[in-house]
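The values are calculated or read from the model by the stated rules, or taken from the named source; none is laboratory data. Bear in mind the structure is a predicted one, so any value in this text is a computation, not a measurement. Ideal geometry is used to build each Cβ from the backbone, glycine not excepted, and the neighbour counts take in all protein chains shown. Surface areas here come from the heavy atoms of the whole protein model, side chains and all, with no ligands, DNA or RNA. Shrake-Rupley method; radii C 1.70, N 1.55, O 1.52, S 1.80 Å.
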Amino acid sequence: MEIAVVGSGYVGLVTGACLAQIGHKVTCIDINVEKINKLKKGLTPIYEPGLELMLKDLIKKKRISFSSSIKSGTKDAVAIFIAVGTPSKSNGEADLTYVENVAREIAENMHSYKLLVEKSTVPAETGYRIRRTVQMNLPKKYRKAGGSSSFNFDVASNPEFLREGSAIEDFMHPDRVVVGVESKKAEEIFREIYKPLKPRMIFTDLKSAELIKHASNSFLATKISFINSIAQVCDRVGADVLKVAEGMGYDKRIGRAFLDAGIGYGGSCFPKDVDAFVHLSHKSGYDFILLEAVRKVNEVQRRAFVRMIEDKLWIVKNKTIAVWGLSFKPNTDDMRSAAALDIIQTLQKEGANIKAFDPQAMVNAQELLPGVTMVKDMYCAVKGAHCLLALTEWAEFKTADFKKVYNLMQQPLIFDGRNMFAGHNLEKFGFEYYGIGRGLSK
Ligand code: NAD
């Protein structure tokens with residue numbers, strides 16, 4: 001099938017590449033000409049494991065192409081996936097400017113049936129608004145009285161659940177594919193698109209599909225804030241949150257996933273999607289107090305981590321603080337709403353000198369953290385440092401040579417914001433170790 005994907009970011013590019021990989025002919029479109037020129041040369045503008053190799057192969061086989069024009073890029077497509085950003089406004093509401101721009105431009109260039117697919121995370125009712133926008137912006141010759149047109153088109157919701165860092169695997173082996181449709185024809189097209197993956201498909205109405213995405217992300221954020229609250233109690237009573245999570249996680253009704261205590265959730269999805277869902281609920285007349293608490297716990301968690309550093313370091317001013325990990329999670333270069341940003345900026349304001357290392361995110365991070373010295377490896381970061389903060393659980397940090405780290409550091413003090421190290425082992429090397437909810441070194 002000929003498919004166009006509008007927006008070639010973390011979601012659009014992976015969606016486009018995977019749809020091409022399973023046999024469709026895909027055009028990836030982006031307004032950012034520089035990004036498109038890079039992609040045409042086989043260079044990937046983001047870091048996602050396996051993506052660059054996959055794209056190079058697909059380009060060679062002519063199964064994927066790139067364009068900065070919606071007009072030419074969507075001309076022959078039956079289905080058009082919209083995968084542009086939906087950031088937060090200052091009041092938490094989802095900003096749908098990019099979605100509206102794209103819907104309008106697609107409509108202006110539409111001459112035959114198209115299926116418009118919301119891949120971006122959008123609030124319930126966006127589908128209805130896209131439909132109206134398309135109807136009002138079709139070329140005049142196709143418009144008919146009463147808001148209809150001389151050919152049909154469909155709007156559908158197909159929310160994406162991939163995780164950065166394992167996006168290709170997630171797309172190719174989804175737990176489920178959720179599709180909100182308004183016509184049998186649209187349903188058939190989706191069955192055809194996803195047939196090679198043989199996924200469990202859930203067909204719903206449009207609004208329910210839109211809501212499934214917000215509800216899923218909000219629930220996962222709730223699990224994280226829940227275990228972070230448990231960690232706070234663990235610290236106070238001297239229990240170990242890792243053991244508590246293990247004991248809870250074996251209960252099939254609960255599950256172990258997303259029970260990792262730490263410095264809170266970040267990234268481009270959870271913070272903005274929780275905000276958008278709170279806003280949508282409020283607007284519709286329901287105060288989602290549970291999610292307001294989830295948000296608050298997340299903020300408290302970061303502040304509590306900084307307070308612990310201030311307490312154990314005593315004087316922050318002029319101290320050299322080493323940071324391992326900047327991205328919001330491992331295996332990505334994405335810095336959007338990363339916990340590292342808040343934590344580092346607060347310590348910088350207090351006069352600390354920060355030396356940081358991240359395997360992939362340093363280029364993106366440098367723009368957001370101008371005063372931070374980025375160094376070439378994790379050992380350079382700890383040289384002469386008064387403490388080490390572990391903020392992203394990249395695998396290579398877990399196997400670090402801690403004898404070497406101990407010898408390089410000025411003071412043997414480690415704050416593990418992701419509970420990625422075995423604290424008791426580090427104490428054997430001579431470190432003072434502080435995790436989250438671990439009740440160690442107290
Ligand atoms: P992104 O910022 O990486 O990519 C968005 C792309 O859209 C950018 O390259 C931008 O240049 C392009 N764009 C903006 N306006 C355009 C226009 N008018 N025409 C063409 N291209 C345009 O964003 P992302 O992380 O890929 O997220 C996209 C959507 O998917 C969001 O709604 C997000 O919530 C959702 N989502 C993201 C993830 C994730 O892990 N990143 C997972 C699931 C869902």
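General remarks:
Quick grid of which residues meet (1) of a type outside the set (K, R); (2) surrounded by 20 or more Cβ atoms within 10 Å (Cβ to Cβ):
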residue	(1), (2)
Q360	yes, yes
V363	yes, no
V372	yes, yes
Y379	yes, no
C387	yes, yes
L391	yes, yes
K404	no, no
F415	yes, yes
F431	yes, yes
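- All helices (runs of 4 or more DSSP H) inside the range 383-442 with 2 or more residues being farther than 26 Å from V300 by Cβ and modelled with pLDDT of 95 or more: 395-398, 402-408
This table checks each residue for (1) in contact with a strand residue (DSSP E or B) (Cβ under 9 Å, 6 or more places away or on another chain); (2) in a loop (DSSP other than H, G, I, E, B); (3) among the basic types (K, R).
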position	(1), (2), (3)
D260	no, yes, no
A276	yes, no, no
L291	no, no, no
V294	no, no, no
R303	no, no, yes
K312	yes, no, yes
V316	no, yes, no
S337	no, yes, no
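- Test: residue in the range 270-282 that is open to solvent by 50 Å² or more (accessible area, probe 1.4 Å) and more than 16 Å from the ligand (Cβ to nearest atom): yes
- Scan of the range 16-36 for residues that are open to solvent by less than 70 Å² (accessible area, probe 1.4 Å) and more than 9 Å from the ligand (Cβ to nearest atom), ordered by number: G16, A17, C18, L19, A20, I22, G23, H24, V26, T27, C28, I36
- Taking the numbered list (1) open to solvent by 40 Å² or more (accessible area, probe 1.4 Å); (2) within 19 Å of V14 (Cβ to Cβ) in turn, S72 passes all entries but (2).
- Condition met for I230 (open to solvent by less than 30 Å² (accessible area, probe 1.4 Å) and assigned to a helix (DSSP H, G or I)): no
- The residues in the range 1-15 that are open to solvent by 10 Å² or more (accessible area, probe 1.4 Å) and not in a helix (DSSP H, G or I) can be counted, and the count is 3.
- The set of residues in the range 306-332 being buried (at least 22 other Cβ atoms within 10 Å of the Cβ) and more than 20 Å from F421 (Cα to Cα) consists of T332 alone.
- Residue count for the range 19-34, restricted to those that are more than 21 Å from E100 (Cα to Cα) and in contact with a Ser or Thr (Cβ under 9 Å, 6 or more places away or on another chain): 2
- Look at the range 109-126: where a residue is on the phi < 0 side of the Ramachandran plot and a partner is outside any strand (DSSP E or B) and of a type in the set (S, T, Y), sitting 6+ places away or on another chain with Cβ atoms under 7 Å, you get N109/T74; E118/T126; K119/T15; S120/T86; T121/T86; V122/T86.
- Residue selection: G146 fails the criterion of being touching a residue at least 24 places away in the same chain (Cβ under 8 Å) and either within 16 Å of the ligand (Cβ to nearest atom) or out of contact with any Asp or Glu (no Cβ under 8 Å at 6 or more places or on another chain) (or both).
- Selection status of K398, of a type in the set (K, R), open to solvent by 10 Å² or more (accessible area, probe 1.4 Å) and free of Cβ contacts under 8 Å to residues at least 40 places away in the same chain: yes
Here is a yes/no grid of residues against (1) within 25 Å of the chain's Cα centre (by Cα); (2) within 14 Å of the ligand (Cβ to nearest atom):
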| residue | (1), (2) |
| --- | --- |
| K38 | yes, yes |
| G42 | yes, no |
| Y47 | yes, yes |
| I64 | yes, no |
| K71 | no, yes |
| I80 | yes, yes |
| P87 | yes, yes |
| S90 | yes, no |
